[in-house]
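Readers should treat all values here as calculations from the given coordinates under stated rules, not as data from a laboratory. Treat the numbers as computed from the prediction; the structure is a model and nothing was measured. Using ideal geometry, Cβ is built from the backbone for each residue, glycine included, and neighbour counts are taken over all protein chains shown.
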Amino acid sequence: MSPKVIAIAGALLAAVGVGLGAFGAHGLENFLRELGREADLAKRLAWFETGVKYQLYHALGLVAIAALAISFQGSGLRAAAIAFILGVVLFSGSLYGMTFLGEEWRKLGMITPLGGLAFIVGWILVAVAAWRS
């Protein structure tokens, strides 16, 4: 994965994160009520907010990785970028699913820690790349 592709992925994930954050602030509660998800509404709103925050943090991390990858050639930053993208899909994606889907989908919560682990691995890979440079 080239630094250009990493930067594009980070920028697009950030743009989507901002849009989701705006939706969360201005329409999510009513949308969940329309879906009949009033039970545990506060939990669902918190899940969504956590998913958006982590998506935005790691989107910015991807942009930083793209910038670093230009300086740290062959440093393993591409693996860190893949870990961040995987983390967003698993961590934020599972929280979004739990927010919008019915009770039978709460099992998605078992996937969330795997996304968190991917984030941790990604940050460790960034540290290793910096150490090696």
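Of the candidates TRP123, TRP47, TRP105, which one comes out as most mobile in a Gaussian network treatment of the chain with C-alpha springs shorter than 10 Å? Greatest mean-square fluctuation among the candidates belongs to TRP105.
Would you please give the FRET efficiency between LEU45 and ILE70, computed as 1/(1 + (r/R0)^6) with r the Cβ-Cβ distance and R0 = 41 Å, to the nearest 0.05? Show your work: numbers first, answer last.
On the way: r = 39 Å, r/R0 = 0.95.
Between LEU45 and ILE70 the formula returns 0.55.
Computed from Cα atoms alone, the Kirkwood hydrodynamic radius reported for the chain is 15.3 Å. Divide by every residue of the chain the summed helix terms, -39500 (n - 2.57) for each DSSP H run of at least 4, and state the resulting mean residue ellipticity at 222 nm, rounded to the nearest 500 deg cm²/dmol. So the calculated ellipticity at 222 nm is -25500 deg cm²/dmol. Positive contributions from Lys and Arg (+1) and negative ones from Asp and Glu (-1), summed over other residues with Cβ under 12 Å from the Cβ of LEU95, come out at +3. Taking a point 7 Å out from the Cα of ALA22 in the direction of its Cβ, the residues of segment 47-64 whose backbone N falls within less than 20 Å of it are 48-60.
Need one number: convex hull volume per residue for segment 2-51, Cα atoms only, in Å³.
Numbers: hull volume 3.6 nm³, N = 50.
Hull volume normalised by residue count: 72 Å³.
To the nearest Å, what is the center-to-center distance of segment 1-38 and segment 111-127, using C-alpha atoms only? Rounded to whole Å, the Cα centres lie 20 Å apart.
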